[in-house]
Amino acid sequence: SGDAQVFCATASYNMNTASFFTKWLHDVAADQMEDGRIPDVIPDVLIQGGACGWGDCAVICPQVIYNFYADTQLLAEQYDSMKKWVEYIRGTGDDEYLWNTGKHFGDWLALDSEEDSYRGATDHGYVATVFYANSVDLLSKAAKILGKNSDADAYRALHSAVKDRFCEVYIGKDGLPTQKTQTAYVLALHFHMVPEELRTGIAKALADDILAHDTHLTTGFLGTPYLCFALCDNGYEDLAFALLMKDDYPSWLYEVRMGATTIWEHWDGIKPDGSFWSDSMNSYNHYAYGAIGEWLYRYVGGIGVDETAPGFKHILLAPHIGADFTYVNCSYKSMYGNIVVNRKEDGDTQRFYVEVPCNTTASFTVPAGLRRAGEVLHLT
């Protein structure tokens, strides 16, 4: 369930996933436990559940599918399951605004894990409370879409209270997270857990940590999907592209250089010296880190979802330029038809070819680098 929620959007850019996730989410609701817990695996073969970032699939996946296909029916069908999951989190422990109890995977397989441990260094209460806030936020949005206005207001207030409590407990007097990890910085930024005035300092701390690791990531299953988003959204586009193009350990292209044709479960599934991380749990076809695909479509290609006009009825076209790419060809087959954004560099001129389907509208945002440099832009 954890892999499913981090990869749901990437999968939906690559294939029509509406039928698959509709069926699978029905299974999620069917296997949901009486107290609201979501199993770690669906169908439930492990007889365990309730982990942050895993059980949150019950709320995250329906919202992703709604954004891609404007499917209010699925939201309506899953709403009770979504609400039951959030209320389970709310009722666990002795503080309804924190999720600092229970058994969690945390930032699974992060490189800052202790030796021979699967669990990342970021405190599980920190990670869990961020995902708690996100699920409450998404539940509030679903309630509003479905016309459940009293629920929408109540969960919006709960979302605000969880964020406030998070800052009280996990943000220090210096304005930085008490957890000094890349994932801690990423989650605080991407899920807007802190006041705007603190974002600049946290983004710098994230960038400094990456540079201190020789421009490498240390994130695991719950930090990696949002890493490049957090960098780009906070003024560090060049660093996001640098991470993308790294081909030494650890990186996405390191796996390619080592002969991979599918995404590995571990960054160090095969170490630079040829040894294996583990003989017992070392999948070489494990798509969680492939969630970088969503960033490639949305930020490099520039084809984004407008949550206020879901199903790509209105399309947000906002390509980013970096890593010395001289051209980018990107397309997505929406329910209305093909959406295309192609870019080609011609000297000091950037040429864009944009195609949007009939019966849709689109907004095009000129890449920041062009606005700064004053380069000529041609849009066809």
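The values are calculated or read from the model by the stated rules, or taken from the named source; none is laboratory data. In this text, all values refer to a predicted model and were calculated from it rather than measured experimentally. No Cβ is skipped: glycine too gets one built from the backbone with ideal geometry, and neighbour counts run over all protein chains shown. Just the protein is used for accessible areas: all its heavy atoms, side chains included, with ligands, DNA and RNA removed. Shrake-Rupley method; radii C 1.70, N 1.55, O 1.52, S 1.80 Å.
Couple of notes before you dig in:
Each row is one residue, and each column tells you yes or no for (1) under 22 Å from I65 (Cα atoms); (2) open to solvent by less than 70 Å² (accessible area, probe 1.4 Å).
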| residue | (1), (2) |
| --- | --- |
| V328 | no, yes |
| S334 | yes, yes |
| N338 | yes, no |
| N342 | no, yes |
| G347 | no, yes |
| R351 | no, no |
| V354 | no, yes |
| P357 | yes, yes |
| T361 | yes, no |
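- Considered as a group, the residues in the range 168-187 that are without any contact (Cβ under 8 Å) to a residue 40 or more places away in the chain and surrounded by 17 or more Cβ atoms within 10 Å (Cβ to Cβ) include one that is farthest from C52 (Cα to Cα), and that residue is L176.
- Test: residue in the range 139-151 that is open to solvent by 60 Å² or more (accessible area, probe 1.4 Å), closer than 30 Å to L75 by Cα and not in a helix (DSSP H, G or I): yes
- Under the condition of being among the acidic types (D, E) and within 16 Å of A128 (Cα to Cα), the residues counted in the range 8-64 number 2.
- Here K204 meets each of (1) farther than 25 Å from D324 by Cβ; (2) without any contact (Cβ under 8 Å) to a residue 24 or more places away in the chain with one exception, condition (1).
- Checking G269 against (1) open to solvent by less than 60 Å² (accessible area, probe 1.4 Å); (2) farther than 26 Å from H124 by Cα; (3) of a type outside the set (A, V, I, L, M); (4) modelled with pLDDT under 95, the condition it does not meet: (2)
- Residue tally, condition within 26 Å of D40 (Cβ to Cβ), open to solvent by 10 Å² or more (accessible area, probe 1.4 Å) and among the β-branched types (V, I, T), over the range 188-223: 1
- When each of G322, G311, G293 is tested for being under 20 Å from K246 (Cβ atoms), over 16 Å from the mean Cα position of the chain (by Cα) and open to solvent by less than 20 Å² (accessible area, probe 1.4 Å), the lone residue that passes is G322.
- Index of the failed condition, N285 passing every other in (1) without any contact (Cβ under 8 Å) to a residue 60 or more places away in the chain; (2) more than 16 Å from the chain's Cα centre (by Cα); (3) buried (at least 23 other Cβ atoms within 10 Å of the Cβ): (3)
- Candidate set: the range 273-282, residues that are under 17 Å from Y249 (Cβ atoms) and either modelled with pLDDT under 90 or within 28 Å of the chain's Cα centre (by Cα) (or both); chosen: the one surrounded by the most Cβ atoms within 10 Å (Cβ to Cβ): W277
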